[in-house]
Structure formats: C-alpha cells, structure tokens
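To start, the structure itself, in structure tokens.
Quick note: the coordinates plus some simple rules give every number you see, no bench work behind them. On a predicted model such as this, the values are computed, not experimentally measured, just so you know. Don't worry about glycine lacking a Cβ; one is built from the backbone with ideal geometry, like all the others, and counts go over all protein chains shown.
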Amino acid sequence: MVLDLDAELARFRAAYQPQCATFAGVTWRYIVGGHGPTTLLLLPGAPGIAEMAFPYLAAFAQHQRVIAPSYPAEIGSLEELLAGLTALLATETTGPIQLIGASYSGIVAQYLLHRHPERIASLLIGDTGVPRRARARALQLALAVIVRLPRLGLHATLAVALAYVLAGNTPAHHFWQRYFKGVVALLTVPEFANRVRVMLDMDRQGHELHPISPWRGPTLLMETADDPLFSAAERAALRLRFPHAEVHTFHTQGHITALTRAPEYIAVMQAFLARHC
C-alpha cells in the first residue's frame, strides 16, 4: 500500500501541537503524544525538526508515550544540545527511556547514552556512524565558507546537495523532495551554521566515547547497504562500538531509507521494542 504522505502530514498537524519549555534561556519546542508504560525519545535528523518524524510519532503513540524535540536554532555546541536534552528528560520523563535517533542524531544519541547511561533502557539508531576527526577538519573548512554565504547562496548550495541525497522517483521521494524544499526556504545561515558546529563538536570529541561504554542494554542498529553519507567502514566501526547489538540491513541505496521506507523501518523497530520492553 502506498501511503498518501501529504494527507498523513495534514492529519498529524491537526492532531499534535508543539509544546514549549525554556532551559538555560533557550526555548525548546517538542511534540508529545501517546500513553503507555514506556517513553520513547525520538531525536530528529540534521534539519532538527520534530515534525519530520510524523510517521514514527503516529505509529509509536498508539502504544507508548513519545517525545520528539526540535533542535533550537540558537544551539551551536554539543554541550548545549546535550544539556537541553537532559533538561527535557528531567522535565517530561521519569525512569529510563527508549532512545531513538537516525543519521545526525544517531551520533547525538551515542553521546547522550554515554553521558546518561542510567536513563537509557534501549537504544535504536539508524543510518548513522561514529565521530571522525577527518570529517571534523572538512567541516571546519566548510563552516568558514558557510558563515560568509548570503542566505540565497546557502539555499542554492543546499538545493544541489539535497538533489543528491534525496534522489529517487517514488511517491515517497517526491513527497520528501517537496518537504525539504520548504525546509530550506525557511533556513537561515546562522541556524545552519550552528547545526554544523554541533556536528563539528561531535567529530572532535569522539575520544569521549572511548573506551567503549560498559553499557550493554538492548541495542538495534539499522543500516542501508549502500549509504552515500556513512561508508561501510564507518558502519563497521559502529558495530564494533556495540558488539552486542542486533543489526538490520536494508538492501537499498541512498541515505533516507528511514523516510522513504518508513513503514518497514517502523516494523523493524516495533518488533525490537516488543522483544525488549
């Protein structure tokens, strides 16, 4: 069955309204849905928009409580991001949570787990990798260019990058191509620069994740066999970091499997959670 994602998003927007809380002078917006014995913290991808996870929120909220934050535009360091997430957990949850993150936030999730292992009951991360010093050097050079770009120049640059990342001809690809076009139209240079600064911190501070944490809770790693953003070597390094993890490989191409094949992704995650919650 092919989902009408435009209709699904409209229903989601009608059903869920973002909440707000201020931590350390920064306003966080997040979506809360569902009820149940466990709480899922669903971290956003690189754009930092909670709404992008609407298929996941709608599915998980049928049986569990779900919290999905957006990353504030003002946050430009890993320390600020982790502090805000920690404050959000303290405000909205009690007890351990199921932690979910993909791509950019798959790495955020690794840092959050390292800082607060006692708060994490299980970890589910997909289409992600590990911090890399070599990428930090490239990001530093890119950041020096980004902060000098006019807003239209940033939008043009991102349009080219997204044409590569979002390439595909399915209805789901077409939906997300339109959606990201709208995201880019609203993006400012300072906000994008801050998102890059956080990634830069994550790559520079990778030593924090060594030695490997003794945490051995239930872990699911989801990966795409031909992911252009996270290489096979990087995915192998992630598996070494979590040697006890279950691994599910989607035999497809591209980096946005979690978006374009969301029903399959959700089914794998729900099966995992049913076994371990």
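Points worth noting:
- When the chain is treated as a Gaussian network with alpha carbon springs shorter than 10 Å, the biggest mean-square fluctuation among HIS244, HIS210, HIS35 belongs to HIS210.
- Each 10 Å bin from zero up to the one holding the largest Cα-Cα distance in the stretch 217-277 carries the following percent of pairs: 22, 50, 28, 1.
- DSSP beta bridges fully contained in the stretch 16-82 are about 75 percent antiparallel.
- Take every DSSP beta bridge whose two residues both sit in the chain; close to 30 percent of them are antiparallel.
- Per residue, the convex hull spanned by the alpha carbons of the stretch 1-132 comes to 118 Å³.
- Listed by number, the DSSP H helices of the chain that run 20 Å or longer by alpha-carbon position along their axis and have mean Kyte hydropathy of at least 0.5 are 78-92, 151-165.
- Exposed trypsin sites (Lys or Arg not before Pro) absent - longest run of the chain, DSSP non-H/G/I/E/B, at most 14 other C-beta within 10 Å: 1-147
- Cα point-scatterer Debye curve for the chain, base-10 log of I(q)/I(0) at q = 0.07, 0.12, 0.15 Å⁻¹: -0.23, -0.73, -1.24
- Around MET269: net Lys/Arg minus Asp/Glu count, Cβ-Cβ under 15 Å: -2
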